[in-house]
Amino acid sequence: MSTPGHILVIKLGALGDFIQALGPMKAIRTHHPQAHITLLTTKPFQALAEKSGYFNAIHLDTRPKFYQLSKWCALRTFLNDGQFTRIYDLQNNDRTGFYFKLLKSPKPDWVGVAKGASHRNTSSERTKGLAFHGHVQTLGLAGINNIEIDPMDWLKGNLSGFGLTLPYILIVPGSAPSRPLKRWPHYAALCQKITGDGYQPVLIGTQDEADVTAQIKQACPQSLDLTGKTALFDLPDLARGADACVTNDTGPAHMIAPTGCKTLVLFSDDSNPVRHAPLGPHVKTIQKNDLNDLSPEEVYATLSSFTGGP
């Protein structure tokens, strides 16, 4: 366990990667219990980081463009005036490699992949699987071990008034509008099947996915449509009360799976489950090159074996 000091953790995004970094962030906090730890992140993740309680301070990175010299100067000042004794880079990309170059010599300890780092991970294995496992490998170089999945028990939502009926199964039928190949088209048929088993299908999505969930609701009126009604921070509590979740490869899956909810994720060839599956103790994946070829019967059979029935 290290002595007190000023520690910087860098994690800029995206959502799934940020969730997978929570366990490593908690391990850093445990390893430096008396240190003043600052997180350098972006605006979308500020509230989540604050709720975790792992940081003494949060500094927002505006991710300046190459021509925004005043912002680069401000970032360089922050990095050098922070008197950081160690920096943990959980982003590990070209941008944060450049941040390393902004530091004056002698540079603080840097744990990451940047060339010249004191604790540099050069293993080709780092990026072959989930981001979480790469972080485990990297932090091990700095003596931080026993890193676990963060179930986000500290994240509480407000589920009152949703009309949930036990038992229920979460259904996440959408994805980013720019990634239509990630959407499985047969959720309505699946919802009809699980309703017959006594489950309430609970539809989760944003307003961008309202057309998709409305079609499912029309085909399966017993479904509870929470489209646009849930905040991001409601998802872990919804997951903790669910018997299971069936989801596309999309952001909410990363908020659901770490809680321990049995999570079945459907992948096309548009993404790789080895690298992009959500992190959790009970995650199963099915992959088809084209999700149109994945039948409701196959998904239902896998889900039934997963849940053990109603």
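Could you list Leu279, Leu130 in order of exposure, starting from the residue whose Cβ has the fewest other Cβ atoms within 10 Å?
Lowest to highest Cβ neighbour count: Leu130, Leu279.
How do Thr85, Thr213, Thr127 line up, fewest other C-beta atoms within 10 Å first? Provide the component values of the computation, followed by the final result.
On the way: Thr85 17, Thr213 25, Thr127 14.
In increasing order of surrounding Cβ atoms, one gets Thr127, Thr85, Thr213.
For the stretch 194-266, what is the largest minus smallest coordinate of the Cα atoms on each principal axis, given in angstrom and ordered from greatest to least?
So the extents along the principal axes, rounded to whole Å, are 31, 30, 21.
For the chain, set up a Gaussian network in which alpha carbons nearer than 10 Å are linked by springs, and say which option among Asn289, Asn121, Asn248 fluctuates the most.
In this elastic network of the chain, the residue with the biggest mean-square fluctuation among Asn289, Asn121, Asn248 is Asn289.
Compute log10 of I(q)/I(0) for the chain with the Debye formula, placing one identical point scatterer on every Cα and leaving out solvent, at q = 0.07 Å⁻¹, to two decimals.
For the chain at q = 0.07 Å⁻¹, log10 I(q)/I(0) is -0.31.
Does anything in the stretch 148-170 have its amide N under 19 Å from the 7 Å Cα→Cβ label point of Phe233, and if so which residues?
Flagged as within label range: 150-162.
Before rounding to the nearest 500, sum -39500 (n - 2.57) across all DSSP H runs of length at least 4 in the chain and divide by the residue total; then give [θ] at 222 nm in deg cm²/dmol.
Estimated from H runs of four or more residues: -10000 deg cm²/dmol.
Write out the cysteines belonging to the chain for which the nearest other cysteine Cβ is not under 4.7 Å, or none if no such cysteine exists.
Cys73, Cys245, Cys261
Over the stretch 168-307, how many percent of alpha carbon pairs lie in each 5 Å bin up to the one with the longest distance?
Binned Cα distances yield the sequence 2, 11, 23, 26, 24, 12, 2, 0.
List Cys191, Cys73 from most exposed to least, where exposure is judged by having the fewest other Cβ atoms within 10 Å.
By the 10 Å Cβ count, ascending: Cys73, Cys191.
Can you pull a Stokes-Einstein diffusion coefficient for the stretch 6-140 at 4 °C (1.567 mPa s), Rh from Kirkwood over Cα pairs, as a whole number of µm²/s?
Working: Rh = 15.0 Å.
It diffuses with D of about 86 µm²/s by this estimate.
Got a sec? Charge dipole of the chain, +1 on Cβ for Lys and Arg, -1 for Asp and Glu; which of Ala74, Thr259, Ala14 is way out at the positive end?
Of the listed residues, the answer is Ala74.
Readers should treat all values here as calculations from the given coordinates under stated rules, not as data from a laboratory. Just so we're clear, the structure is a prediction, and the values are computed from it rather than from any experiment. Quick reminder, even Gly has a Cβ in these numbers, built from the backbone with ideal geometry, and neighbours come from all protein chains shown.
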